[in-house]
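This report refers to the structure that appears directly beneath it.
What follows draws every value from the coordinates through simple rules; no lab data is involved. Please read these numbers as outputs of a predicted model, since none were measured by experiment. Cβ sites come from the backbone with ideal geometry, for glycine too, and all protein chains shown count toward neighbours.
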Amino acid sequence: MKGKIYVADDEKNIRDLIKSFLAEEGHEVVLFEDGESLLEAFYKSEPDIVILDVMMPGMDGFTLCTKIRKKSDVPILLLTARDTDADYITGFTAGCDDYFTKPFSPVKLTMRVNAILKRSFKENNSSQDRELFYGDITINNDLKTFMVNEKQVKLTNTEFELMNYLLVNKERAVSREELLSSIWGYDTVVETRVTDDMIKRIRKKLRENNSIVSIDTVWGFGFKLESRD
């Protein structure tokens with residue numbers, strides 16, 4: 001599955017590096033030197049994936065991510081030279097789907113892009129159940145909606161993928177490595193933080209909507225859905 005990818009980074013060497021790896025996989029890559037020019041292009045034509053540098057002159061990556069997320073659920077990957085918890089939380093709160101710290105692995109970034117596009121293709125062409133139910137939760141794979149107590153709850157694209165995967169496998173515990181491999185497209189132990197942080201955000205949304213469903217931690221292994229009904 002090949003896709004159209006927008007990349008914004010004020011460092012030319014980074015832009016060229018990303019393009020070389022993604023173009024080699026057959027993807028169409030459009031480069032931008034700043035956030036404003038990417039946003040202008042985005043309003044005219046949406047890509048399949050957006051990759052943003054956080055620290056850019058003018059509109060920074062966090063702001064750009066927030067603006068894009070108001071209009072679209074397109075997957076957004078953030079790149080940053082800063083690896084603080086505050087920046088990490090800000091990025092995911094803005095609606096990003098993954099967060100790569102510079103210097104990052106272009107191979108891992110390419111794997112993530114390929115995983116996103118592959119999963120999107122599978123969802124659009126699979127014969128899996130179009131609706132999934134558990135406790136007071138309903139997922140509609142045709143409409144891409146997540147409902148709690150018949151009320152729609154906004155999830156990012158990757159949050160939706162993760163919850164969909166947990167519902168499909170609701171009878172068993174799912175390891176962090178399995179989630180990384182199935183949802184993010186890689187399975188190194190170093191990156192398990194991304195799963196834990198996303199689980200925390202989904203748990204918060206479940207609590208805020210008084211769901212009887214919880215995502216329980218299976219210590220030393222992963223996660224499992226539980227219902228209090």
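Computed from these coordinates, which is Cα extents along the principal axes in Å: (i) 55, 49, 35; (ii) 51, 42, 30; (iii) 54, 35, 31?
The calculated read-out lines up with (iii).
Just for the chain, what percent of DSSP beta bridges are antiparallel, to the closest 5?
Once the DSSP bridges in the chain are tallied, antiparallel ones form about 50 percent.
Taking K108 as the anchor, which lysines have their alpha carbon closer than 16 Å to its alpha carbon, excluding any fewer than eight residues away along the same chain?
K19, K118
Here are some pairs, K2/K154; K2/K224; K144/K200; which of them have Cα atoms lying more than 29 Å apart in this structure?
K2/K224
Simple spin-label model, 7 Å along Cα-to-Cβ: K108 to D216 in nm?
So the label points at K108 and D216 sit 3.2 nm apart.
I'd like the GluC sites (Glu not before Pro) in segment 135-179 restricted to DSSP loop residues with at most 13 other Cβ atoms within 10 Å, sorted by number.
Sites meeting the loop and neighbour criteria: E150, E171.
When only DSSP loop residues count, what trypsin sites (Lys or Arg not before Pro) in segment 1-82 have their Cβ near at most 13 other Cβ atoms within 10 Å?
K2, R82
Straight-line reach from K44: which lysines have Cα under 20 Å away, leaving out those fewer than 8 places along the same chain?
K44 reaches K4, K67, K70, K71.
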